Protein chains: 6
Amino acid sequence: MNTPTNSAETRQDRFDRGMEVLTRVDGEAGQRVVDSLADISPELAHQIVSWGFGEIYHRPGLAPRDRQLVTLGMLTALGGCKPQLDVHINAALNVGLTPEEIVEALLHSSAYCGFPKALNATFVAKKVFGERGLLPVTAD
Amino acid sequence: MNTPTNSAETRQDRFDRGMEVLTRVDGEAGQRVVDSLADISPELAHQIVSWGFGEIYHRPGLAPRDRQLVTLGMLTALGGCKPQLDVHINAALNVGLTPEEIVEALLHSSAYCGFPKALNATFVAKKVFGERGLLPVTAD
Amino acid sequence: MNTPTNSAETRQDRFDRGMEVLTRVDGEAGQRVVDSLADISPELAHQIVSWGFGEIYHRPGLAPRDRQLVTLGMLTALGGCKPQLDVHINAALNVGLTPEEIVEALLHSSAYCGFPKALNATFVAKKVFGERGLLPVTAD
Amino acid sequence: MNTPTNSAETRQDRFDRGMEVLTRVDGEAGQRVVDSLADISPELAHQIVSWGFGEIYHRPGLAPRDRQLVTLGMLTALGGCKPQLDVHINAALNVGLTPEEIVEALLHSSAYCGFPKALNATFVAKKVFGERGLLPVTAD
Amino acid sequence: MNTPTNSAETRQDRFDRGMEVLTRVDGEAGQRVVDSLADISPELAHQIVSWGFGEIYHRPGLAPRDRQLVTLGMLTALGGCKPQLDVHINAALNVGLTPEEIVEALLHSSAYCGFPKALNATFVAKKVFGERGLLPVTAD
Amino acid sequence: MNTPTNSAETRQDRFDRGMEVLTRVDGEAGQRVVDSLADISPELAHQIVSWGFGEIYHRPGLAPRDRQLVTLGMLTALGGCKPQLDVHINAALNVGLTPEEIVEALLHSSAYCGFPKALNATFVAKKVFGERGLLPVTAD
């Protein structure tokens, strides 16, 4: 069991653990989301950090790289999630996926979600890779 | 029965009734949508007003505040509906929901729609609340 | 602040709080979902209870009746969520929404989600109301 | 203008016009939907008939066959709409689309919605065509 | 059978056939999508062209005009596909749909997808029609 | 480049390559899908095999295990794809994902898609694992 079963934690303990995971995965992008919620819904920020990262992401049962593959699939399929794709394509690079693998995952998505959603996600990847000096990607 | 069953109405009667409901709920935002459709699909504007507001919204079986709660849930879940969320977060405030309740409804949505859609909707609320001088929201 | 900020809680404390909320809202249906997950994903059951109910639903910022209105909107809009609609239409009745209001909320949804999703949700309501001896509903 | 602008209509007039369109397009399936809503939401039935068919479908600006093509695309893309696809694949046949064209439209959808949704819709077509003695379809 | 069954084709043959179909349908917009993918996912561009257009769109079983009606329905229902709607509303005009028919198809979509998605698609049509000097549309 | 660029292939060559990939990944389930389409849309079966598997899945740029993680994410997020989830949870096991990892991926999905879609996918996993004698799963 990865989360403490018997030991008691405060709300702050849980936030701190989540923030540590979030920073490792998303770098500064995580902090920016927290900051942007400060005046509208600090509780949403708290729950994303404490629960999304401190509770779910923190679990050891699936490697961080694997979690990003699942997440890329979900965000591509949901549609309308460009800001989150931006964060998670960065995260995918941070946890060891190569640009070539990310591009291939999005090509793969076209068979399950269709070309429009695959295209939308690929253009977010183009933006992120451009910002990180990773273009052009030469997939083959 | 809230809509006239036996008495006859003209197309214009129905539009007028809808416009009255729309203005009460959405204020000027409703008129702006009608205007923006004038050169492309005046019939879509007519149907939103006459049917959406004059026929459906006008029914007494559910309070306006309740209708906005259902609508916030739907627009958050659908995704890709930022302009409509903008109109309806304004409408929610107009019919008596507090900023704190709206923020809480969107936090609640994260359990059913996931964080990406909850975040997207919350950032629309941030924009609307900012325009109306309602920031910061202090939910707790 | 509704959730304890300073006092420490164990994992079991959080589950117990959630189970108390879940039972109040969903009655036996909540326990059935927990039981049905026991051999496949007890952790998913734990998180639905502890986080979904003990952490989110438990918050005082939005009345239970209001949470169900938002939830009915979301589940109708998402589509493909018949089992969850079944649970939450029951929950909606449990927290004080009348059959007439639920039916009206689903009629309202047709303007935002279209008739197919409104129909699918309405037929789940028909099943639930039938099981609880609440048919026919006479909305007007 | 296809809908009467100046002349007044009663609620019943509008229902009657819709029922006439619905019967022409959907045959008995339309009546079955109306009947199945009688004890839960007769108003939803009324609005589908009066507005969906009497007001929207009735408009002359798009041929019935064209409307079914758009509708098949929407229902396939939305997902989770098997009962409505069943009705509208029948309707598509009723207004002149051939089984080969319907199958081709669903194959075409795979490029925009992905294979899972294309498959789900195609299996509904298989059921409908089987009931009408139209199998096998030989598309080429 | 519209695609060669017995004769062998190279990868380049397939791309060339698709590019010919794509140019006929989408004009320069198709080439722009291909160009914009050159540094991030040339393989996605290749597959859209070779398979989407050379293999699927190229099939004779459904007229190009019919394919655009299905496609407009899908893109409207999916949501979040503005760039693709832009391309395909242009394509719809290119293969013979009139502005009036396109506007009517999007009005029709409101009954199946709800007003928010119908509005989003209609505003893309407004942009495209404006660029092509086709406003105002007088649907009735 | 993994697909032959210069050498010519027949339509049958491409189908054979896809069938070989499909059988390796999905076992008999792939053949069953092909068979079930025989009388309604053999061309859809052909394209799923030739293009989905022979062209996309066959590419070496992403490991089969990684492709299944992306696919599980997409099918969970799309919703309404139980038959495809059934096939791909089997496929996930076939290419080396453990039951524990699959369950963890679906738990992870709850943060991005919400609990209803995570639950729906988890119950498909329960069915598949039950059929393969893999219950109970003890994730921790």
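Just a few scattered comments:
- Here the simple spin-label model places points 7 Å from the Cα toward Cβ, and for B:Arg65 and E:Ser7 these points are separated by 7.2 nm.
- Across segment B:101-109, computed HN-Hα scalar couplings (Karplus, 6.51 cos²θ - 1.76 cosθ + 1.60, θ = phi - 60°) run 5, 5, 4, 5, 4, 6, 4, 4, 5 Hz from first to last residue, x flagging Gly and Pro.
- Take each residue of peptide B:129-136, count the partner chain Cβ atoms within 10 Å of its Cβ, and average: the result is 2.
- Sequence ranges E:86-93, B:92-99, ranked by mean other-Cβ count within 10 angstrom, highest first: E:86-93, B:92-99
- Spin-label model, E:Asp16/B:Arg32: points 7 Å from Cα along the beta carbon direction are separated by 5.3 nm.
- Its Cα centre serving as origin, chain B has a Cβ charge dipole (Lys and Arg +1, Asp and Glu -1) of approximately 220 debye.
- Portion, in percent, of the accessible area of the protein assembly as shown that falls on carbon or sulfur, probe 1.4 Å: 56
- Rounded, prolate or oblate (a/c below 1.5 giving rounded, otherwise prolate when a/b exceeds b/c) for segment F:11-59 by Cα gyration tensor: oblate
- Here segment B:75-92 and segment F:93-140 have alpha carbon centers that stand 33 Å from each other.
- Pairs over the 30 Å Cα-Cα cut-off, from the set B:Lys82/C:Lys127; C:Lys126/D:Lys126; A:Lys127/F:Lys126; B:Lys126/C:Lys127; A:Lys126/B:Lys117; A:Lys117/E:Lys127: B:Lys82/C:Lys127; A:Lys127/F:Lys126; B:Lys126/C:Lys127.
- Helix B:11-26 and the longest principal axis of the C-alpha atoms of chain B enclose an angle of approximately 20°.
- Residue among A:Leu44, A:Gln68, A:Thr138 farthest towards the positive dipole end of chain A, charges placed on Cβ: A:Thr138
- Order by protection proxy (mean Cβ within 10 Å, highest first), peptides D:130-137, D:33-40: D:33-40, D:130-137
- Computed about its Cα centre, the charge dipole of segment A:63-133 is approximately 180 debye, with only Lys, Arg, Asp and Glu carrying charge at their Cβ.
- A Gaussian network model of chain F, with springs between Cα atoms under 10 Å, assigns the largest mean-square fluctuation among F:Ala111, F:Ala45, F:Ala63 to F:Ala111.
- Averaged over F:50-61, number of beta-carbon atoms from partner chains that fall within 10 Å: 5
- Accessible area buried at the B-C interface, both sides summed, 1.4 Å probe (Å², nearest 100): 3200
- Taken residue by residue and averaged, Cβ atoms of other chains lying within 10 Å of the Cβ of C:8-18 number 3.
- Across chain C, the relative contact order, built from alpha-carbon pairs under 8 Å that are at least six residues apart, equals 22 percent.
- Across all C-alpha atoms in the protein assembly as shown, the radius of gyration and Dmax reach 25.8, 75 Å.
- Rolling a 1.4 Å probe across all protein chains gives F:Tyr57 an accessible area of roughly 10 Å².
- Most mobile listed residue (C:Val103, C:Val70, C:Val128) in chain C, GNM with C-alpha springs under 10 Å: C:Val70
- Within-11-Å neighbourhood charge of F:Asp66 [Cβ basis; K, R +1; D, E -1]: 0
- Segment F:30-60 and segment A:1-69 have their alpha-carbon centroids 41 Å apart.
- Degrees, to the nearest 10: E:82-94 long Cα axis against longest axis of chain E: 90
- Largest GNM mean-square fluctuation among B:Ser110, B:Ser50, B:Ser41, using chain B with Cα springs under 10 Å: B:Ser41.
- Distant-in-sequence amide H partners of C:Glu9 (H built 1.01 Å from N, under 5 Å): A:Glu9, A:Thr10
- What you get for the protein assembly as shown, charging only the Cβ of Lys and Arg (+1) and of Asp and Glu (-1), is a dipole of about 0 debye around the Cα centre.
The values are calculated or read from the model by the stated rules, or taken from the named source; none is laboratory data. Since we're looking at a predicted model, the values are computed, not measured. Because the Cβ atoms are built from the backbone with ideal geometry, glycine has one as well, and the counts that use them run over all protein chains shown. Ligands, DNA and RNA are stripped out before the accessible areas are found, and what is left, the full protein with its side chains, is counted by its heavy atoms. Shrake-Rupley method; radii C 1.70, N 1.55, O 1.52, S 1.80 Å.
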